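The values are calculated or read from the model by the stated rules, or taken from the named source; none is laboratory data. Values in this document were obtained by computation on a predicted structure and should not be read as measured data. So basically every Cβ, Gly included, is an ideal-geometry build from the backbone, and we count neighbours across all protein chains shown.
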């Protein structure tokens, strides 16, 4: 089991009360660059600390928003590639269907991998609906563009014999010849995020890591589908655990009250995440017409967003975006309390969904200070992670499932 | 990805693209191109136009139940399809009428060929760029909440009413598919072809730009510029109507088209 610390690098001072949208249209007059510099430094310091205490690093990106100041995951990973020594550097990631120039993405990824001496974990995401406006990317045929960008990047990183040309439906290049080539051969591990069951299949078919983010116990359905697709595509043996990843929230404290207090601070992510203007939540064509129509007929509303959260026993806990602390705990989204509490909750979740090899923990959100963040991740690294590693190692052995695809 | 719906009405195969067609009335042929909302076969405007003309009203590819080939992606594709349709039905000396996005398609058709056209009526058309690079000609319909969009499009928003619970699955599906096709065609550049304005001089048949005065998506000056670019084109307004005058004022709309045909010496035909 590897555990990655994650923050969206929020700018909470701009979370103005009653804002209709914290994304896409929020003016930057609400940002003080001096304050932003302080925050960036604190967030980078926390990731730097991970390198020293045995945690890995996870960075994502969003655009035109006060909820996430990481407008470029590659830029942050570029800094950390030089300043850290051991941590794996996961970008999950690069919204390649929204990026007009996947070749540039491939160049940056190769640089990060080389500078970090082979510590890049290369994640691609389809992105959320409200990213298409900032990126000006066409909402229709988004998935097709995603896979073309993926295929182009993979070929660009693994071709070492000089240039090739690419004349695709979405991208057109006369001379693809990426320098440097990646440090890890044939290429850094590839991750792709998915939050719906059918999306797990094409990831398994390619043998990439499936990253499911904040899906709660529904993660089991995705993992099961991944395992089926893995077998269907003729791969031998069980799915190694390092092909499966889950992302959730963490709040640890010396006392349960302190852990819950931190967990509640992380909940600010959920409280602000869905404050998005209506037109940006539902860009026409982002969800294909038929499933969109089915959703509308089901709910009676001309809107489609947010998945439901389910308890371990299958009970519907309501919309993900409306979850409170207790719902998040019950829904397998939040692991919080003392180190013992967190360990027990995680083991229980791990068993329920059938195991996984990577855990991405959002351990900072909202107004959580550096001091709280430091204690949150340090307690996790010292008091939870060693036990968790031992447990999952033994469990993998008892199930006869390899932890790693490549030893 | 645009899916294709099962058969649900009279279809014509136009260069192997299944195209839903409504036909009404008798007389001089009139080809009506619907706006981004699509076209209801029950729309009163069809009978209103049918009182003067032999109306052919297709659902454009990707709208209604009409097929949208996977290789297509632009208004240009729809314009060539419309030229194919004129040939397939052997329409001659036809009046081509298009509203909003349909007006854009009509303008593209007429700049490519007026061979089968006797006249062109562009109604609150999209398709050209008139402002500078820092000013959009039209409000971004893809950034407006639904209620606000309706208020900007209609003089009377009761014409925009849609109850997804009362509507059939097919109706909701079509509505979503029409949206999806519109975003595919008009997302970026937003609602225009950078080349079109420079080609409008090629429209050499009598033309009218008709403008619903309560359109708050695009200003009337946009419509006037459009008319100025087409040799000899007239500009005329239609009151108590927004961006879709054929929906809000179907009778007035049909009268305006008929009067234009008469004034332009486009004789009615038996």
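Picking from B:206, B:194, which residue would you name as being away from every other protein chain (no Cβ under 14 Å) and either in contact with a helix residue (DSSP H, G or I) (Cβ under 8 Å, 6 or more places away or on another chain) or buried (at least 24 other Cβ atoms within 10 Å of the Cβ) (or both)?
Numbers: B:194 fails: either in contact with a helix residue (DSSP H, G or I) (Cβ under 8 Å, 6 or more places away or on another chain) or buried (at least 24 other Cβ atoms within 10 Å of the Cβ) (or both).
So the residue among B:206, B:194 that is away from every other protein chain (no Cβ under 14 Å) and either in contact with a helix residue (DSSP H, G or I) (Cβ under 8 Å, 6 or more places away or on another chain) or buried (at least 24 other Cβ atoms within 10 Å of the Cβ) (or both) is B:206.
Among the residues making up the stretch B:52-61, a single one is crowded, with 24+ Cβ neighbours inside 10 Å, part of a loop (DSSP other than H, G, I, E, B) and over 13 Å from the mean Cα position of the chain (by Cα): B:53.
Listed by position, the helices (runs of 4 or more DSSP H) contained in the stretch A:49-155 that have at least 2 residues being closer than 15 Å to residue A:183 by Cα and either away from chain B (no Cβ under 14 Å) or free of Cβ contacts under 8 Å to residues at least 12 places away in the same chain (or both) are A:73-83, A:102-115.
Take the conditions within 14 Å of another protein chain (Cβ to nearest Cβ), touching a helix residue (DSSP H, G or I) at 6+ places or on another chain (Cβ under 8 Å) and modelled with pLDDT of 90 or more and apply them to residue A:325. Does it pass? Judged against the criteria, residue A:325 is not a match.
Output yes when any residue across the stretch B:41-58 is away from chain A (no Cβ under 14 Å) and under 23 Å from residue B:217 (Cα atoms), and no when none is. Within the stretch B:41-58, one or more residues are away from chain A (no Cβ under 14 Å) and under 23 Å from residue B:217 (Cα atoms).
The set of residues from the stretch B:134-172 being more than 9 Å from chain A (Cβ to nearest Cβ), touching a residue at least 40 places away in the same chain (Cβ under 8 Å) and not in a helix (DSSP H, G or I) comprises B:136, B:137, B:138, B:139, B:154, B:155, B:156.
For the stretch B:222-240, the candidate set comprises residues that are in contact (Cβ under 8 Å) with a residue 60 or more places away in the chain and over 17 Å from residue B:97 (Cα atoms); within that set, the residue that is surrounded by the most Cβ atoms within 10 Å (Cβ to Cβ) is B:222.
Being in contact (Cβ under 8 Å) with a residue 12 or more places away in the chain and outside any strand (DSSP E or B) is a property that residue B:253 has.
Taking strands (runs of 3 or more DSSP E) that do not extend beyond the stretch A:311-407, which have at least 1 residues that are more than 20 Å from residue A:257 (Cβ to Cβ) and within 21 Å of the chain's Cα centre (by Cα)?
Numbers: elements: A:316-319, A:334-337, A:358-362.
Here the list reads A:316-319, A:358-362.
Here the stretch B:180-191 is the region considered, the condition is being surrounded by 18 or more Cβ atoms within 10 Å (Cβ to Cβ) and more than 15 Å from the chain's Cα centre (by Cα), and the residue that is farthest from residue B:113 (Cα to Cα) is B:180. Of all residues in the stretch B:198-220, those satisfying the criterion of being part of a helix (DSSP H, G or I) and in contact (Cβ under 8 Å) with a residue 60 or more places away in the chain are B:199, B:200, B:202.
The residue of the stretch A:16-48 that is surrounded by the fewest Cβ atoms within 10 Å (Cβ to Cβ), among those that are assigned to a helix (DSSP H, G or I) and in contact (Cβ under 8 Å) with a residue 60 or more places away in the chain, is A:45. Counting only helices (runs of 4 or more DSSP H) that sit completely within the stretch A:235-295, those holding 3 or more residues that are surrounded by fewer than 19 Cβ atoms within 10 Å (Cβ to Cβ) correspond to A:256-266. With respect to (1) under 15 Å from residue B:108 (Cβ atoms); (2) assigned to a helix (DSSP H, G or I), the lone exception for residue B:195 is condition (2).
For the stretch B:87-100, the criterion of being more than 14 Å from every other protein chain (Cβ to nearest Cβ), surrounded by 24 or more Cβ atoms within 10 Å (Cβ to Cβ) and closer than 16 Å to residue B:200 by Cβ is met by at least one residue.
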